[in-house]
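Student: The structure is given below, and queries will be raised subsequently.
Throughout, read-outs are computed from the coordinates displayed, never taken from laboratory work. Computed from a prediction, not measured in an experiment: that's the story for all the values here. Please note: Cβ atoms are built from the backbone with ideal geometry, for glycine as well, and neighbour counts cover all protein chains shown.
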Amino acid sequence: MTQKQQKYYDQVVEFYQRTGMTAARIAKLELFPVHRTTLANWIANFASNPSNKDPQAMAKAISSKSEELEALKAKVADLEEQLRVEKLRNRLNEKIIDIAEERWHIEIRKKAGTKQ
């Protein structure tokens with residue numbers, strides 16, 4: 001890219017960032033001596049290349065991602081605690097059944113393979 005093209009590229013990208021207009025609308029304004037296809041390519045290149053993005057926007061995106069990650073970690077911890085409690089509840093129920101079968105000599109659990 002020539003120096004002149006780089007100058008207009010920077011101006012187009014800055015204008016695109018400030019206004020959020022589409023490439024077609026920017027081309028209709030005729031603010032830049034660049035063909036509309038070139039404008040569209042530059043904006044598409046800018047939008048697809050994260051290294052060219054606004055540092056504030058990137059910081060905001062990173063902050064948002066880290067908040068989302070923290071929320072997911074908290075959710076995982078909560079689910080692991082629920083799983084631990086349910087496992088304890090299951091062990092308690094198994095023990096209660098074992099005690100009841102010993103005390104009253106009744107088979108509470110259905111044995112596999114029994115005929116009905």
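Student: Can you work out the FRET efficiency for the pair Leu88 and Ser64, with r the C-beta to C-beta distance and R0 = 30 Å, to the nearest 0.05?
Tutor: 0.25
Student: Applying 1/(1 + (r/R0)^6) with R0 = 41 Å to the Cβ-Cβ distance of Arg109 and Ala74, what FRET efficiency is obtained, to the nearest 0.05?
Tutor: It comes out at approximately 0.60.
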